[in-house]
1. Could you pull out the residue among 142, 168, 194 that is more than 25 Å from residue 64 (Cα to Cα), touching a residue at least 40 places away in the same chain (Cβ under 8 Å) and in a helix (DSSP H, G or I)?
2. In region 1-29, how many are without any contact (Cβ under 8 Å) to a residue 60 or more places away in the chain and either surrounded by fewer than 19 Cβ atoms within 10 Å (Cβ to Cβ) or more than 21 Å from the chain's Cα centre (by Cα) (or both)?
3. Going by the structure shown, is residue 136 farther than 19 Å from residue 50 by Cα, under 13 Å from the mean Cα position of the chain (by Cα) and in contact (Cβ under 8 Å) with a residue 12 or more places away in the chain?
4. Exactly one of these conditions fails for residue 124: (1) touching a residue at least 24 places away in the same chain (Cβ under 8 Å); (2) exposed (fewer than 15 other Cβ atoms within 10 Å of the Cβ); (3) at positive phi. Give me its number.
5. Which one of 73, 90 is surrounded by 21 or more Cβ atoms within 10 Å (Cβ to Cβ), under 15 Å from the mean Cα position of the chain (by Cα), over 21 Å from residue 50 (Cβ atoms) and at pLDDT 90 or above?
């Protein structure tokens, strides 16, 4: 409970609220159907990825910039955050997401607003197919986050914000065709709350709401198991004897 008395804790919770608000605002905004230029899959994917990358770079030092309840629960499973911090983070993320969607809805003309890019089954996808796709999308995202922020790695070149942003882009390039791509329960909940459209919302909740979270458990346990330092053989030309590297 000592965390509640910390100013740093309050700042971190507010950072999660603000970051998720901005992420949802810019992400959903990129998917609005403006008649002059309908959004492409690449445009939407890049907008979500750039938003995440920017916010991770800007606020990562304050809260870790989870911006996603699925990521927070994965960190809880991996013992990177306390239960209390995880609970406050998830609440802040959900509230921030709804605030971002509500703000976007308020400043957008009704004929452009549509359903605010609410997640839904598309292209005749079945619920089972959608659940499976969302599970793998969230799995690769959480695995990327754990891998790119692991301080034990000596080969971690560049910034985690870039790799995490690309991971979000990757997920959208595939997931948009199935569900509009969630990977984030806050992103799914926000437009559903604002528009009142909860059709098939359970599909996104099944794989990303903070409950059993099979993919976050799997990613957390998997990275914990495969990231332990080990010695590998670096193979060179046939005439060389090779060398070893501690990784």
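1. Values: 142 fails: more than 25 Å from residue 64 (Cα to Cα); 168 fails: more than 25 Å from residue 64 (Cα to Cα).
On inspection, the qualifying residue turns out to be 194.
2. Taking region 1-29 as the starting set, the residues that turn out to be without any contact (Cβ under 8 Å) to a residue 60 or more places away in the chain are 2, 5-8, 10-11, 15, 26.
When the remaining residues are screened for being either surrounded by fewer than 19 Cβ atoms within 10 Å (Cβ to Cβ) or more than 21 Å from the chain's Cα centre (by Cα) (or both), the result is 2, 5-8, 10-11, 26.
Adding up the residues that qualify gives 8.
3. Working: farther than 19 Å from residue 50 by Cα: yes; under 13 Å from the mean Cα position of the chain (by Cα): yes; in contact (Cβ under 8 Å) with a residue 12 or more places away in the chain: yes.
It is true that residue 136 is farther than 19 Å from residue 50 by Cα, under 13 Å from the mean Cα position of the chain (by Cα) and in contact (Cβ under 8 Å) with a residue 12 or more places away in the chain.
4. With respect to (1) touching a residue at least 24 places away in the same chain (Cβ under 8 Å); (2) exposed (fewer than 15 other Cβ atoms within 10 Å of the Cβ); (3) at positive phi, residue 124 is out only on (1).
5. Working: 73 fails: at pLDDT 90 or above.
Result: 90 is the single residue among 73, 90 that is surrounded by 21 or more Cβ atoms within 10 Å (Cβ to Cβ), under 15 Å from the mean Cα position of the chain (by Cα), over 21 Å from residue 50 (Cβ atoms) and at pLDDT 90 or above.
The values are calculated or read from the model by the stated rules, or taken from the named source; none is laboratory data. Not measured: the values here are computed from a predicted model. Note that we place each Cβ from the backbone using ideal geometry, even for glycine, and neighbour counts take in every protein chain shown.
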